[in-house]
């Protein structure tokens, strides 16, 4: 007969006390076993960053009044390596290194063969545990301007960036070294307001480092979800002294299932005219095209009729000039995409066949891919 049963016969009060003692003993024995159990040693992979590589290849053909551009050829736009890791519970690190080839139809080879260069596109640390709902980014990063500038070229819904983007912001977009502060507040109607401010080197406006003043960046974006529809509206600007440029953007996305979606995207780019004493440059120190065309806009409509197919149409306007284009994209899987595209301006055409592939840890899909 157990001690608990004996005490139960003698006195209910004593029985309850003995039962509690038995439980405490069992708990103590269990804790000792846990402490003595061998701990699993961390594997080497726990200290390695997640590695993703992107290959982006094109075959581009230029036509002007029926004549084929002599630089028409296949080319490798980039081999991009993306490294991501948690530094500690308070920070995450990202490093993106690209080996890029210049666009032969745009004359980016500069007469030096295929025109390859190694570019550190982004190297930064995200501080994700700041107080008051704040986060920060420190390092070199794509500036938070519009939608196109926050994407790498292999994530574009077209082979090439819109023409107003290339003319006003630059062929490679805008990235800079500095510090960025983010504040995001959610509201109960399934939406959020995001505010971003950054202090950067300002090299886009001062490529020769003649001005000691830092550049500035600011952006606000409102996101709202309603059933199957998402709406995002934002605006931002960057500048140095009196020089600046701004971007406004809007995106509407409808998703019925993972096999059907519709995206409407629009961006407006503006750069005020420069004084005679200032030159406007892109992020590689080249003069921007057409200083008189300071405002341009683009709009894209993309339809996903089936899980693996995406059909797109784009219209670009820059000053009095316009471009019209279309794309057809097919995913064999989330790691391999084939695309064909056509873009026309006046009597000139550009035709592109594109193959983009991913291997390694798959990153988050861009907003326009419905998975």
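Read the figures in this text as sums done on the coordinates, not as results from a lab. Bear in mind that the values here come from a model prediction, so they are computed numbers and not experimental data. Positions of Cβ are backbone-derived with ideal geometry, glycine not excepted, and every protein chain shown enters the neighbour counts.
Can you tell me the FRET efficiency between residue 87 and residue 130 if r is taken as the Cβ-Cβ distance and R0 is 25 Å, rounded to the nearest 0.05? Provide the component values of the computation, followed by the final result.
Numbers: r = 14 Å, r/R0 = 0.58.
Computed FRET efficiency for residue 87 and residue 130 comes out at 0.95.
Mind giving me the nanometre distance, one decimal, between the label points for residue 333 and residue 106, set 7 Å out from Cα along Cα→Cβ?
According to this spin-label approximation, the distance is 3.2 nm.
Could you give the nm distance between label points at residue 177 and residue 364, where each point is 7 Å from its Cα heading toward the beta carbon?
If labels sit at residue 177 and residue 364, their model points lie 2.7 nm apart.
Could you work out how far apart the two model spin labels at residue 97 and residue 344 are, taking each label as a point 7 Å from the Cα in the direction of the beta carbon, and quote it in nm?
About 4.4 nm, to one decimal.
At what distance in angstrom do the alpha carbon centres of the stretch 333-355 and the stretch 227-264 lie from each other?
23 Å
Relative to the present Cα-Cα distance, how much length would full extension add between residue 299 and residue 119 at 0.36 nm per residue of separation?
So the chain would gain 61.9 nm between residue 299 and residue 119.
Evaluate E = 1/(1 + (r/R0)^6) for residue 63 and residue 209, where r is the Cβ-Cβ distance and R0 equals 41 Å; express this FRET efficiency to the nearest 0.05.
After rounding, the FRET efficiency stands at 0.50.
Can you give me the Cα centroid spacing of the stretch 56-91 and the stretch 122-192 in angstrom?
Cα centres, the stretch 56-91 to the stretch 122-192: 20 Å.
To the nearest 0.05, how large is the calculated FRET efficiency for residue 255 and residue 313 if R₀ is 30 Å and r is the Cβ-Cβ distance?
0.95
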